[in-house]
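Undergrad: Next up is a structure, given as structure tokens.
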Amino acid sequence: MSAFKVGIVAVVIGAIGSVAILVTPSWFPVAAATQATRQDDLYLALMIMSSFIMAIVTTFLVYAIWKFRARPGDENRDGPPIHGNTTLEIVWTVIPTILVVAFAIAGGVVLVRNEKTYKNELNVHVIGQQFAWTFKYPKQGVTSTTLVLEEGQPTQFDIYSKLHDVIHSFYVPQFRVKADAVPGQVNHTYATPDRVGTYTLICTELCGPGHSLMRAVVRVLPKDKFDAWVAAQKRLQSSTQGGA
Amino acid sequence: MAVAHGAELSGHGHAHGGGHGPVQVQQRSIWLRGSWVRAIWVSFFFGTVVAGIAALIRNRLGFEAVSGQSAHEVLLTFGLVFWAIGFTVGIGCFDYWWGYLIGSHKWEQEDHSAHGAYSWRDYFKVNTDHKVIGIQYLVLTFIFFLIGGALAEGVRAELATPGTQIVSPGTYNGLFSAHATLMIFLFIIPSFAGLANFVVPLMLGAQDMAFPRLNALSFWLLLPAGLIFLASFAVGPFDAGWTNYAPLSDKTGVGDTFFTIGVQFAGASSIATAVNFLVTIVTMRAPGMSFWRMPLLVWANLATSSLVVLGTPFIAGSQFMVLYDRIMHTHFFDPAGGGNVVLYQHIFWFYSHPAVYIMMLPGFGIISEVIAIHSRKPIFGYRLIAFSTVAIGVLGFTVWAHHMFVSGMAPWLRIPMMATTMLIAVPTGIKIFSWVATLWDGVIHLTTAMLFALGFIFTFVIGGLSGVFLAVIPVDINVSDTYFVVAHIHYVLFGGSVFTIYAGIYHWFPKMTGRMYDERLGRLHFWLTFIFFNATFMPMHWLGLQGMPRRVADYDPRFATLNFIISICAFLLGASTLVFLYNIIHSWARGPIAPANPWRALSLEWQVSSPPPIFNFDEPPQVVGGPYEFGVPGARHAIVTVHEPEPAFAGAAPATLKAPEATTGASQGLLTSMRHILVVANQTVAGDELIDAVRSKAAGEPVRVTVICPQNDPSGEWVVDDREVAQATRARLDATLDRLRAAGIEATGQVVDRDPYTAVMDEVESDRPSEIIISTLPQTRSGWLRRDLVERVRHDAKIPVEHVVVDVGAKPAGGA
């Protein structure tokens, strides 16, 4: 088979791989934020590109090993003295360059859209400490150990650690967003939850012996239930404050 | 330079000129000379005395002298640093420099007394021979690889089921921290240094590295570094990851001090080696070896060494800052004291991302060698591969913050870091495509080295592609610090670096040991490693995508099944190493003798014997072409003059392949019942030690002795054409024969006008002696020893060879 035919086989295999990637039911946990969907699409695009590259390299590799393997009698034979091919070398320099530039642009666009801020967004302070999370809602005047969010409401998380603590990292797999909670500085991340449900916030920065257990419950509620929760929290806090 | 070189080689032990005065070898007591005994007492002496002084000062200043964490930290810091320095002093790394410093006359400028291994014991001493150091590196680092692997199996045992069963979460953190630390600082980086140590000077046509004693020091710094890392388990291991992120590292237990200090020694070793490689590669190339004729492994080490020199000081700095935060309360990374937490990550990754290329570029070099040689084709696009190596090195310094997309920095800064990171995929891709194109239309020999190289291409493409995923910021934000990253780094560092290390070890094993490994076991090792490597790490991508964070002792029960399977595969992957170990140890001891050039390669290391002579080349080789000119009729990379024709040099002299006939001859030759001893000596022929050795052989049973005095080189360049010398030799020989006959030994002898090796081997062929005694001057002055005469005869004659050293002393007989 000529190299050209092997190339065609490789592309076909890459295409089959791409279909397989697209029909795979779950690469990720359920998507529960608009950020998640965008990330997933970007990921699938990368997978499809990888499918083709993987197919091309592997097909040529396997075919070459099979076709050009040394056979009995080849002990003293050498291959043809081919030192290179300028056209080919330009092709495999330029095409990958175009691909990575395209994906860098796509990545930049998704990043900007994922981190867009809105006027009336919900603001939540996420505070990490060894080994627990606290959530403050400054506008609502509520503090909680459960992260409760409103469906469809763009939310900005202001994330930090207590001053004498260590780094933690805020990660909700269903939102596909993450940011470190760093002592002495405030980091931001953004999510617009779009699916009601209960999820888990996981600490993803090694923070000591309790790291693997440093989790918190995340609940996404419809607007009415969220408002009710805020009201209930306020009542609860004012009553505890009143009692003090 | 060339003249001095020639003169030294032509010496054959003659004391030429005035430079080589007799060396009085004073064997000092084992407590005082460079030895393990001195290493142990000096290291502990240094450590305790300095820690004691620190305790005393603390006590005087009114601090708690020895109790409390603060005192422990301070005493440990001083104790460990000086313990490690004491170790290198004690083992003897500084003896020569110290002698120079105090103007001792004992030390000659051209002192080769610590050069070359004459017995296995020499591998346990400070040695300046790059080949010995290379093997020392490879063996020591492989031991750390096994320890690091065992720690990883501990990690997998804990992760086999959710919940915490086997170790506490604190110990678990210590396990993976030590695993990564050992693998990176004591296996991958130094084992590449070891391979390069052995191969690069040979490839360049040099006799050694530029700074052989610095080279030895680099090696001996590693052992204390590794022991310091391991010793932390005695006090509670460092548990902040190999990344040792502040401020966790500022606050965690005493073990972290061990990490910050161990890194200094491993880093110093790395930097010293890199300087050595840079100077060697730039200044010690053989005549004709232009940059564009250097093998790609040399290019790779040139780029790697530049990265080490520029980058490694940053990790040293970052760990000093952590150490100072811990013991001196400097607040570099303590926001409450005005410090900046993320600053640590910038300094750390400014080294540690280039470190990824430090761990990968030498591997690329190995793959270029293996693929071209074992597929019998010139490397495809040599210059572009060399350029891409340099490009990766340069770009490598512009991408560090891609490790920090979620750490918190100016949001826009992530975009250029993403772009540069992704651009690195281009030169990396060039290499992959070029290797595949090299294979195309070649004659592919599926040796174990080649299998690992081909397996590497497959696994490294996966690791490279997942690297592109991680560069794309939104995807990185999702999967960073999850098992996706664990999968990625293992595809890069195991599927990448470790596979290339294996390829390199198999490829150069015949050259290093003079023996062939077992291909069948090698193939078994490859397939077990390849299958269980992929089975272990491929599923981790999915775990990461599903949201399983890294560095956790406990995890969501829904990942239980997959983690269990991964753990089983990880154990089997670990077990596959045993096949390698058995193959290597067994082949090293008993494998078939390797020819000089089993792979029919062109580069210089294959043009000398296996293992190479102690000073590599009898004359500086003349490089006349590229290193990969396979298939070009009559093409040569270099012209190498070997003074003794080497029978094992099969590629050039097919006549010498008639070994089986010689073996049949052997059985016929033993017709006489009397033992026949062949004595080979030149200047030392009249030496008392030699006569005594022959007499002791003759005590008990009748023997027949043949004495030969080989005098010349075959090349004709350095013929000893001095009748007086020949007559003096004849006189010495006659005197010896008389003394032997007087002792009742049947002795004959002759002065032969040939080089010693062929003279001995001819005698072995024709006269079938039952054993050989070779008599030489002491190591430092013997031209025969320098050229491995004893080893090579022992190797090729296949009968017992005794080596007698005669110190003719201040009056070299022969009077030249």
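Just so you know, all these numbers are worked out from the coordinates, no wet-lab data involved. Every value quoted in this text rests on a predicted model; they were computed, and no experiment measured them. Every residue, glycine among them, receives a Cβ derived from its backbone with ideal geometry; neighbour counts consider all protein chains shown.
Undergrad: Once you compute Rg and the Kirkwood Rh from C-alpha atoms, what is the Rg to Rh ratio for chain B? Please report the intermediate quantities before stating the final value.
TA: Working: Rg = 29.3 Å, Rh = 28.9 Å.
With Rg and the Kirkwood Rh in hand, the quotient comes to 1.01.
Undergrad: When the helix-only estimate is applied to chain B (DSSP H runs of n ≥ 4, each -39,500 (n - 2.57), divided by the residue count), what is the mean residue ellipticity at 222 nm, nearest 500 deg cm²/dmol?
TA: Result for chain B, helices only: -19000 deg cm²/dmol.
Undergrad: Over all directions, how big on average is the projection of the convex hull of the alpha-carbon atoms in the stretch B:44-192, in square nanometres?
TA: 13.4 nm²
Undergrad: By the scheme Lys and Arg +1, Asp and Glu -1, what is the net charge of all other residues having a beta-carbon under 11 Å from that of B:Gly174?
TA: Local net charge: -2.
Undergrad: Using Cα pairs under 8 angstrom and six or more residues apart, how large is the relative contact order of the stretch B:130-261, in percent? Provide the component values of the computation, followed by the final result.
TA: Working: 160 pairs, mean separation 43.1, N = 132.
Across the stretch B:130-261, relative contact order equals 33 percent.
Undergrad: Where does helix B:189-204 land angle-wise versus the long Cα axis of chain B, in degrees 0 to 90, nearest 10?
TA: Helix B:189-204 sits at roughly 40 degrees to that axis.
Undergrad: Send over the per residue convex hull volume for the stretch A:154-244, Cα only, as a whole number of Å³.
TA: Considering the Cα atoms of the stretch A:154-244, their hull volume per residue is 129 Å³.
Undergrad: Which of B:Lys251/B:Lys431; A:Lys116/A:Lys162; B:Lys125/B:Lys431; A:Lys234/B:Lys251; A:Lys139/A:Lys162; A:Lys178/B:Lys251 have a Cα-Cα distance over 32 Å?
TA: Long pairs (Cα-Cα over 32 Å): B:Lys251/B:Lys431; B:Lys125/B:Lys431; A:Lys234/B:Lys251.
Undergrad: So how long is each side of the stretch B:319-450 along the principal axes, counting just the alpha-carbon atoms, biggest first, in Å?
TA: 65, 34, 21
Undergrad: Starting from the Cα of A:Lys67, draw a straight line to each of the aspartates and glutamates and keep only those under 19 Å, dropping any in the same chain fewer than 8 residues away.
TA: Within reach: A:Glu75, A:Asp78, B:Asp441.
Undergrad: Can I ask one more? By how many degrees, 0 to 90 and rounded to 10, does the Cα axis of helix B:341-358 deviate from the longest principal axis of chain B?
TA: That helix lies at roughly 40 degrees to the long axis.
Undergrad: Mind telling me which of A:Gly73, A:Gly108, A:Gly210 comes out most flexible in a GNM of chain A, alpha-carbon contacts under 10 Å?
TA: Comparing A:Gly73, A:Gly108, A:Gly210 in the GNM, the peak value goes to A:Gly73.
Undergrad: Within 10 Å, count the other beta carbons around each residue, average over each peptide in B:357-365, B:423-431, B:49-57, and list them highest first.
TA: Order by mean packing, descending: B:357-365, B:423-431, B:49-57.
Undergrad: Moving on. Out of every Cα pair in the stretch A:129-205, what percent are spaced more than 16 Å from each other?
TA: 50 percent
Undergrad: Also, I was wondering about something else. If every alpha-carbon in the stretch A:50-172 counts as one equal scatterer, what log10 I(q)/I(0) does Debye give at q = 0.15, 0.18 1/Å?
TA: One equal scatterer on each Cα of the stretch A:50-172 leads to -0.89, -1.08.
Undergrad: Would you mind calculating the relative contact order of chain A from Cα pairs under 8 angstrom and at least 6 residues apart, reporting the percent as a whole number?
TA: Value for chain A: 19 percent.
Undergrad: OK, next. Could you work out the Kirkwood radius for chain A, taking every pair of different alpha carbons, averaging 1/r and inverting it, reported in Å?
TA: One over the average 1/r among Cα pairs gives 22.0 Å for chain A.
Undergrad: Hey, can you rank A:1-12, B:402-413 by average C-beta count inside 10 Å, highest first?
TA: B:402-413, A:1-12
Undergrad: Can you give the angle from 0 to 90° between the axis of helix A:3-23 and the longest principal axis of chain A, with both taken from C-alpha atoms, to the nearest 10?
TA: 20 degrees
Undergrad: In percent, what relative contact order does chain B have, based on Cα pairs under 8 Å that are 6 or more apart in sequence?
TA: Details: 1397 pairs, mean separation 100.0, N = 816.
Value for chain B: 12 percent.
Undergrad: Arranged from highest to lowest average of other beta-carbon atoms within 10 Å per residue, in what order do the peptides B:367-373, A:216-222 appear?
TA: Ranked from most to least packed, the peptides come out as B:367-373, A:216-222.
Undergrad: If you take every residue apart from B:Met418 with its C-beta less than 15 Å away from the C-beta of B:Met418, what net charge results, scoring Lys and Arg +1 and Asp and Glu -1?
TA: -1
Undergrad: What average number of partner chain Cβ atoms lie no more than 10 Å from the Cβ of the residues making up B:556-562?
TA: That works out to 1 on average.
Undergrad: Roughly how crowded by other chains is peptide A:91-97, in terms of the mean Cβ count from those chains within 10 Å of each of its Cβ atoms?
TA: 6
Undergrad: Below 14 angstrom from the Cβ of A:Thr145, what's the summed charge of the other residues (Lys, Arg +1; Asp, Glu -1)?
TA: Taking every other residue near A:Thr145 into account, the sum is +3.
Undergrad: For the residue pair B:Leu32 and A:Lys139, what label-to-label distance in nm results when each label sits 7 Å from Cα along the Cα-to-beta-carbon direction?
TA: According to this spin-label approximation, the distance is 8.4 nm.
Undergrad: Shifting gears a bit: Taking the alpha-carbon distance from B:Lys798 and a cut-off under 15 Å, which aspartates and glutamates remain once sequence neighbours fewer than 8 residues away in the same chain are dropped?
TA: Those aspartates and glutamates meeting the cut-off are B:Glu661, B:Asp762, B:Glu763, B:Glu765, B:Asp767, B:Glu771.
Undergrad: Shielding of B:476-489 by partners, i.e. mean partner chain Cβ atoms within 10 Å per residue?
TA: 4
Undergrad: Classify the stretch B:587-643 as rounded, prolate or oblate, taking a ≥ b ≥ c as the square roots of the eigenvalues of its Cα gyration tensor: rounded when a/c is under 1.5, otherwise prolate if a/b is larger than b/c and oblate if not.
TA: On the way: a/c = 3.15, a/b = 1.42, b/c = 2.22.
In terms of gyration-tensor shape, oblate.
Undergrad: For chain A, what does the helix formula give at 222 nm: sum of -39500 (n - 2.57) over DSSP H segments with n ≥ 4, over the residue count, nearest 500 deg cm²/dmol?
TA: For chain A, the value works out to -15500 deg cm²/dmol.
Undergrad: Something else now. How long are the semi-axes of the equivalent ellipsoid of the protein assembly as shown, taking √(5λ) for every eigenvalue λ of the Cα gyration tensor, in whole Å from largest down?
TA: 62, 35, 22
Undergrad: Determine the shape class of the stretch B:410-550: with a ≥ b ≥ c the square roots of the Cα gyration tensor eigenvalues, call it rounded for a/c under 1.5, and otherwise prolate if a/b is greater than b/c, oblate otherwise.
TA: Prolate, because a/c is 1.5 or more and a/b exceeds b/c.
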